[in-house]
Amino acid sequence: MQSLTYRARRAALGLAVATGVCLMSLGRVEATPTVIDFVWDWEIIIHPVPGRDLPDEDIPIMLWGNAQVLFQDPDPFFDFGSQASPLPLPPSAPPTTIPIEIVQLDLTGFSPVLGNVQLGLQSGQPSIGAIQNLQNSGGNLTADSFFDVFVELNLPDLNETLTNREAIRVGMNFTEADGIPAIDVFWLPIWFWAEFPVNSPELVDALGLPWDTVVQIHAHQTPEPATLALFGIGLAGLAAMHRRRRRTFRC
């Protein structure tokens, strides 16, 4: 009996080694990145450059549509679940970083000055960022979230397509006062309020000539009540973010 057990163990060990060699020959198996789908509301305030046939004043653009954000594995790693079944960040977890990227952006809107407006991602320029310093502090999340975005702003009624040559950084700093529950890691990148009082980013036309500067970019999502309950974004937290939005991430 002992001999049979020994032979069985050796056979199992041989199988394990063979399997490991096979996996190594195929290359390392990477975890599948997490992608979430949601509805995004953006407000962009632009100011045309002198010489354009437009009023010399700030022009707000309201946009709404579908988006996707990709989440890579956190460092250090923890399991934050899925969009349908999110898991909380453990209270004992050290400060964590999650690389993120906007992988789909399809927003539309209308401006009395500009007419119809479409906003998407700029081809060949990934809009990447990160959730940094992510921690569970007393049951609420604290973090610094940002994207470096490259967008394409299409104005079909004016026959203009505008892009930014330099990345536009947008983001928000979340504190305990915002009341973001530990289960809401997925929703941190969706909220930002970026203002550009100096060195405002330029959008250029198809010839590469400056068309306008970006004064502000705001983004948020207002979930339906069922989603509100599922992801735990409380009204108190939203109100707190609204009160302090002008004190958040600025460029």
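Tell me, in nm to one decimal, what length is gained between residue 66 and residue 41 on full extension, where the rule is 0.36 nm per residue of separation less the Cα-Cα distance?
8.1 nm
Cut-off is 10 Å between beta-carbons; in what order do 78, 174, 110 appear when sorted fewest neighbours first?
The fewest-first ordering by Cβ neighbours comes to 110, 78, 174.
Please give, to one decimal in nm, the separation of the simple spin-label points placed at residue 110 and residue 73, each 7 Å out from Cα toward the Cβ.
My value for the distance between the label points is 4.8 nm.
Can you sort 39, 170, 215 from fewest to most other Cβ atoms within 10 Å of each residue's own Cβ?
39, 215, 170
Have a look at 80, 50, 63 and report the one farthest towards the positive end of the charge dipole of segment 39-80, computed about the Cα centre with Cβ charges (Lys/Arg +1, Asp/Glu -1).
My answer, from the dipole projection, is 50.
If I take R0 = 25 Å and measure r between the Cβ atoms of residue 57 and residue 157 in this structure, what FRET efficiency does the formula 1/(1 + (r/R0)^6) give, to the nearest 0.05?
After rounding to 0.05, the efficiency reads 0.85.
Based on the Cβ-Cβ distance of residue 118 and residue 84, what FRET efficiency does E = 1/(1 + (r/R0)^6) give at R0 = 30 Å, to the nearest 0.05? Could you put the intermediate results ahead of the total?
Values: r = 30 Å, r/R0 = 0.99.
With a Förster radius of 30 Å, E is 0.50.
Readers should treat all values here as calculations from the given coordinates under stated rules, not as data from a laboratory. None of these values were measured; they are calculated from a predicted model. No Cβ is skipped: glycine too gets one built from the backbone with ideal geometry, and neighbour counts run over all protein chains shown.
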